[in-house]
Amino acid sequence: MFRFVEYPVVPHSETRQLRPSAVARNSIEFVHVNARFESPRLSDSRAESRHVSPYYPPVPSPVAFDPHASPVRNSYEASLFKYFMTSLSPWFDFCDPHRHFYTYIAKSAHTNPILLYAVLTVSARHQRSNSERERYVADQYQQHCLESLILALSDSEKTLNESLFASAVILRLSEEMTEPSPREIVNSHTVSAQILIRIKEGNICTSSFTDAALIVVLRQEIFVANLTQRPVGSITDHCNIDTSLEPTSEAMWTYRIIVHAAKITDFAYGDITQRTKERWNALAQYVDDWEQQRPDFFVPIYSEPEHPPSSFLPKIWYCNDCHIAARMYLELCRILLLASDPDASTLRIGRLRRSRNNDDMIRTHVRVICGVALTNAEHYVTRTIAGMVIAMCGELFHDPGETRVLLDLLSVAELHLGWPCLKLKEDLREFWRL
């Protein structure tokens, strides 16, 4: 039924779960009960790492954090913090008009060591290709952040600060950026989506920030789910999104179609016995209704169709990242619906013709997503979404000129965040014979 490129996936097993780093893997054991953690256990390798590498200055323990002093110790940490605020926070705040992460971290990291260590972890991890120093320091920051997070979550009676949830969400991104063995796809996490849900549904003070953070988690889940061909799960039930089609803010309109993309992902990769034509029709109808009833300001400010061979992708300009996200997830909805069309897999008469028609439409939707990403390049989050659909649907493209354009865009997406499960460039290069 699915026409996506299938790449090798390492079978999941308890003895071979992917973990963020050698340091964290050897010292942290996560317990999936009530979102609580066991105390960390230092391994011999962890203890040795503190003495084998005298070149690197030790990262201070969170216990020594002084809220009245500068939150960072030196210019290197200051550069990491600045890097997060200018280069990485836009990823978290994509389609968030209130910029919750930028605003919250700017005012809270000064007095919250766990949040600060999470920020420093993901910044160092993102720069890990620069030198061995970034990799080592990222491990140290991540270790201290996890230890502090475990300690804070161990008290079941204490009301938790929302900064703990923010720290966990940031660490989740750090895990995504950790390099596994070649061809492995990340599908398990120390800080999984279900753990984040349990934290949010526990004793934490909910706010607009925690709601915004769950949208970030949802976007991550949609990304990973489609590349690993698995359902997103129940996270949409906890996002506090009004899925009606009543008038609302432009952000809520965008979140509606993101949530619906998650639901269609569940349909496409979920229980085959639930993949009925009636359910497919209902999902498709919501997409049509959303597109018809959305406000007029979601229309692009300008667009041009593709003109091969000079341009294989359309040019579609938007002036708002909510509008960009809405368009991209709308197109993703249509791709998934076409790929999971029950008629294409059950009808014997005309099945080949229908399958070809669906493939043509899928290619069109992929081109739109990629065109939006290239035309609105200042919102670099769009590159990861474009990279995702290229990885999903790459085998449907055959024109050498077009596949070169798609390969270049996939390369940019890989370079942007470096998510291991997005590193499929060489597989597609071989498939396309480029």
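The values are calculated or read from the model by the stated rules, or taken from the named source; none is laboratory data. No experiment lies behind these values; they were computed from the predicted model shown. Using ideal geometry, Cβ is built from the backbone for each residue, glycine included, and neighbour counts are taken over all protein chains shown.
Identify all residues within region 283-296 that are part of a helix (DSSP H, G or I), surrounded by 13 or more Cβ atoms within 10 Å (Cβ to Cβ) and not β-branched (V, I, T); write none if there are none.
Just the residues of region 283-296 that are part of a helix (DSSP H, G or I), to begin with: 283-293, 296.
Next, from what is left, pick out any that are surrounded by 13 or more Cβ atoms within 10 Å (Cβ to Cβ): 283-284, 286-287, 290-291.
Result: L283, A284, Y286, W290, E291.
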Notebook entry, point to check: So is E246 farther than 21 Å from M392 by Cβ, outside the structural domain of D93 (by TED's automatic domain parsing) and either among the basic types (K, R) or in a helix (DSSP H, G or I) (or both) or not?
Noted result: no
message: It is to be established whether one or more residues within region 339-355 are touching a residue at least 24 places away in the same chain (Cβ under 8 Å), touching a Cys at 6+ places or on another chain (Cβ under 9 Å) and within 28 Å of Y380 (Cα to Cα).
response: yes
Inspect region 309-328 for any residue being assigned to a loop (DSSP other than H, G, I, E, B) and either in contact with a His (Cβ under 8 Å, 6 or more places away or on another chain) or over 27 Å from L409 (Cβ atoms) (or both) and give the result as yes or no. no
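Which one is surrounded by the fewest Cβ atoms within 10 Å (Cβ to Cβ) among residues in region 266-282 that are of a type in the set (A, V, I, L, M) and farther than 15 Å from E331 by Cβ?
Taking region 266-282 first, the residues of a type in the set (A, V, I, L, M) are 268, 272, 282.
Filter once more, keeping what is farther than 15 Å from E331 by Cβ: 272, 282.
Working: I272: 8, A282: 12.
Only one residue tops the list, namely I272.
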The lone condition L214 fails out of (1) surrounded by fewer than 19 Cβ atoms within 10 Å (Cβ to Cβ); (2) part of a helix (DSSP H, G or I) is (1)
Turns out the helices (runs of 4 or more DSSP H) fully within region 356-434 with at least 3 residues that are assigned by TED's automatic domain parsing to the domain that holds S303 and crowded, with 20+ Cβ neighbours inside 10 Å are 381-393, 400-417
Of those in region 225-265 that are within 21 Å of L338 (Cβ to Cβ) and free of Cβ contacts under 8 Å to residues at least 40 places away in the same chain, the residue surrounded by the most Cβ atoms within 10 Å (Cβ to Cβ) is V232
